[in-house]
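Written out below as structure tokens is the structure these notes cover.
The values are calculated or read from the model by the stated rules, or taken from the named source; none is laboratory data. In this text, all values refer to a predicted model and were calculated from it rather than measured experimentally. Here the Cβ is made from the backbone with ideal geometry for all residues, glycine too, and neighbour counts use every protein chain on show. Side chains are part of the model used for accessible areas, which takes the heavy atoms of the whole protein and leaves out ligands, DNA and RNA. Shrake-Rupley method; radii C 1.70, N 1.55, O 1.52, S 1.80 Å.
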Amino acid sequence: MNRKRLLYIHTGGTLGMTPKGDPGPLAPSDYAENVLPFVRGLEELVEIDGVAIANIDSTDMTPALWEAMAAQVADGLDRYDGFVIIHGTDTMAFTASALSFLLENLPRPVVLTGSQRPIAALRTDARQNLLHASICATLDLPEVGICFDDELLRGNRATKVSVQSYRAFASPGLEPLVRMGVDLTFPTPCRRPTGPFRLRRGFSTKVVPISLYPGAPARLIDLIVDMGATGIVLRAFGAGNVPLDGWPEAIGRATAAGVPVVIGTQCLHGAVELGRYAGSAAAMEAGAISAGAMTPESTLTRTMFLLGQGLDLEGFSEAWQTDFAGEI
Ligand code: ASP
């Protein structure tokens, strides 16, 4: 049998951690790269190479590491049929979204996975996650996905929803790409490249997210603009509503200063619909841009990515309408 070739890209996370002291907090451990002994039998199906580009708790993830992961994938496209990225769950959805923007017209699967418990723990979810992720990485699914429990989700539509459950991620607006029961099913058809592969770069790290709360002062926006932010992502209420007391005017001032204000929602399900209520109609009038049904992770990384391309407000607003990787 011709075995498929996979590259495991290790970045860290609980999957490869051990307790520091006994008992103690979990920390990345030396055996992190040596996960293969825990998934014996997999080598009959696939040939695996591994590279560790970091060994961190994903709380310490950075855009520079997103670019390093993307470069590693780009470098291996000729040699590997698929890629598995081992990553902490806390920021996995940010990384998956960022990679989906960096890897334009991706021709192979890039599957992120991790676990809620270390792979060496007896009652671990890591073995199944790694096994399922590896299987997904052999399929003809040229997307960046998150494989957790028994699902493969489109990476830029996934969000972490549980610190407790082995089903840590959900994709509220889109059915999974793969459901892994006794048989594999494919509820959402995957995307296909529409042109040659291109490795992109660049994120602005001066995009500031704000979560609205009752009584939040609108001058927060002015303070953020004065601090030199390149963009603001506002997690507004419901369908994208902002308070009428000063917020539309503040959004107008930011926009006039060339700082885009993207409006998302604090709700898990449904989409922003600017104009449906007075608060969002005024925000739209002031120049706010809708995040639609995008996840918070995707909205933020997409804003960072587009502003990292050096776009001005007009270019940003135009590019914002494009669906780059199925995130809209
Ligand atoms: N704090 C860990 C991390 O994100 C949690 C995990 O891996 O699940 O690296």
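Relative to the longest principal axis of the chain, what angle (0 to 90°, nearest 10) does the C-alpha long axis of helix 247-256 take? Taking Cα atoms only, the helix is inclined about 80 degrees.
Excluding ligands, DNA and RNA, the accessible surface per residue across the range 129-280 is 46 Å² with a 1.4 Å probe.
With distances taken between every two different alpha-carbon atoms, the range 199-299 has a Kirkwood hydrodynamic radius of 13.4 Å. Length gained on full extension, Gln321 to Glu44, computed as 0.36 nm times the residue gap minus the Cα-Cα distance: 95.3 nm. A Förster radius of 45 Å, combined with the Cβ-Cβ distance separating Gln266 from Arg79, puts the computed FRET efficiency at roughly 0.55. Under the rule a/c < 1.5 gives rounded, and otherwise a/b versus b/c splits prolate from oblate, where does the range 248-300 land using the Cα gyration tensor? Cα axes put the range 248-300 in the oblate bin. Of the whole protein surface, Thr205 contributes about 100 Å² of accessible area at a 1.4 Å probe radius. Estimated from helical segments only, the mean residue ellipticity of the chain at 222 nm is -7500 deg cm²/dmol, where each DSSP H run of four or more residues counts as -39500 (n - 2.57). Computed from Cα atoms alone, the Kirkwood hydrodynamic radius reported for the chain is 20.5 Å. Taking the longest Cα principal axis of the chain as reference, the axis of helix 92-102 is set at about 80 degrees. A full extension of the chain between Ala68 and Arg198 corresponds to an added length of 45.3 nm, given 0.36 nm per residue minus the alpha carbon distance. In the range 48-112, inverting the average of 1/r over every pair of distinct C-alpha atoms gives 12.1 Å as the Kirkwood radius. Measuring between their Cα centroids, the range 210-241 and the range 62-89 lie 33 Å from each other. The residues of the range 39-112 have, on average, 35 Å² of accessible surface per residue, using a 1.4 Å probe with all protein chains present.
Ordered from highest to lowest accessible area with the whole protein assembly present and a 1.4 Å probe, Lys206, Lys4, Lys160 read as Lys206, Lys4, Lys160.
Taking Cα atoms only, the orientation of helix 63-76 departs from the longest principal axis of the chain by about 50 degrees.
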